[in-house]
1. So in the stretch 168-180, with the set limited to residues that are surrounded by 15 or more Cβ atoms within 10 Å (Cβ to Cβ) and over 23 Å from Leu119 (Cβ atoms), which one is modelled with the highest pLDDT?
2. Would you be able to say whether some residue in the stretch 147-154 is touching a residue at least 12 places away in the same chain (Cβ under 8 Å), under 28 Å from the mean Cα position of the chain (by Cα) and either under 18 Å from Val92 (Cα atoms) or surrounded by 13 or more Cβ atoms within 10 Å (Cβ to Cβ) (or both)?
3. Considering Tyr131, Tyr89, which residue is surrounded by 16 or more Cβ atoms within 10 Å (Cβ to Cβ) and in contact with a helix residue (DSSP H, G or I) (Cβ under 6 Å, 6 or more places away or on another chain)?
4. State all residues of the stretch 134-180 that are touching a helix residue (DSSP H, G or I) at 6+ places or on another chain (Cβ under 6 Å) and outside any strand (DSSP E or B); if no residue qualifies, say none.
5. Is it true that Phe62 is at pLDDT below 85 and of a type in the set (Phe, Trp, Tyr)?
6. (1) outside any strand (DSSP E or B); (2) at pLDDT 90 or above; (3) in contact with a helix residue (DSSP H, G or I) (Cβ under 7 Å, 6 or more places away or on another chain); (4) not basic (Lys, Arg): which one isn't true of Ile123, the others all being true?
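The values are calculated or read from the model by the stated rules, or taken from the named source; none is laboratory data. Just so we're clear, the structure is a prediction, and the values are computed from it rather than from any experiment. Cβ atoms come from the backbone with ideal geometry, glycine included; neighbour counts cover every protein chain shown.
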Amino acid sequence: MFQIRFLLMIVFTVNLTACNNNGFKDLQQYMAGVQLRPKIPIKPFPEFKTLEPFIFKSDVNFRDPFKPVEKAIVVEESKENDIPNNRIYPDVSRVKEALEAFSLNNLQMVGTVDMNQVLWGLIKAEDNAIYRVKKGDYLGGNDGKITKIDKNKIELVEIIPTTPKRKRFTEQSATLTLTE
């Protein structure tokens with residue numbers, strides 16, 4: 001027991017002598033050098049402008065910001081000396097299909113599939129996905145409705161604006177042919 005106590009006292013004494021300040025001279029010199037450096041002032045925070053709160057009132061003819069924007073297409077009535085209006089215009093109430101997000105130039109017909117006696121066309125879009133379409137589906141940016149699908153081509157009718165302000169429209173045939 002005595003030997004253990006003696007050994008512990010020796011270890012404790014060695015630890016105390018190791019904690020003298022002789023080993024920190026370089027650290028103390030560095031700290032003294034840092035304290036002698038000129039003090040750099042801290043930049044103040046920028047002033048923030050207070051914004052005036054906006055109170056939404058629905059009786060002031062503002063659009064409700066939580067409802068989607070509805071695009072209305074105005075169809076201009078024909079005049080006597082003008083080309084007769086044949087009442088062709090896109091159905092704005094119809095929900096757009098996935099392939100209507102792509103231009104017709106960026107779509108390729110890559111094949112067909114015959115399932116349950118319905119011939120489906122396979123379309124590759126610019127996102128490299130393959131989409132399956134049938135007669136009556138829409139594709140392209142101009143409300144192109146598929147009218148016929150056969151083994152080598154897909155025929156569709158697009159509704160093209162004839163005036164810059166998209167007030168008058170005409171139908172135009174388009175075809176996607178099979179690419180090999």
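1. Filtering first and then ranking leaves Phe169.
2. Quick first cut of the stretch 147-154, residues touching a residue at least 12 places away in the same chain (Cβ under 8 Å) only: 147-154.
Pick out the ones that are also under 28 Å from the mean Cα position of the chain (by Cα) and you get none.
So far as the stretch 147-154 goes, no, none of its residues is touching a residue at least 12 places away in the same chain (Cβ under 8 Å), under 28 Å from the mean Cα position of the chain (by Cα) and either under 18 Å from Val92 (Cα atoms) or surrounded by 13 or more Cβ atoms within 10 Å (Cβ to Cβ) (or both).
3. Checking each option against the conditions leaves just Tyr131.
4. Gly140
5. In short, yes.
6. With respect to (1) outside any strand (DSSP E or B); (2) at pLDDT 90 or above; (3) in contact with a helix residue (DSSP H, G or I) (Cβ under 7 Å, 6 or more places away or on another chain); (4) not basic (Lys, Arg), Ile123 is out only on (1).
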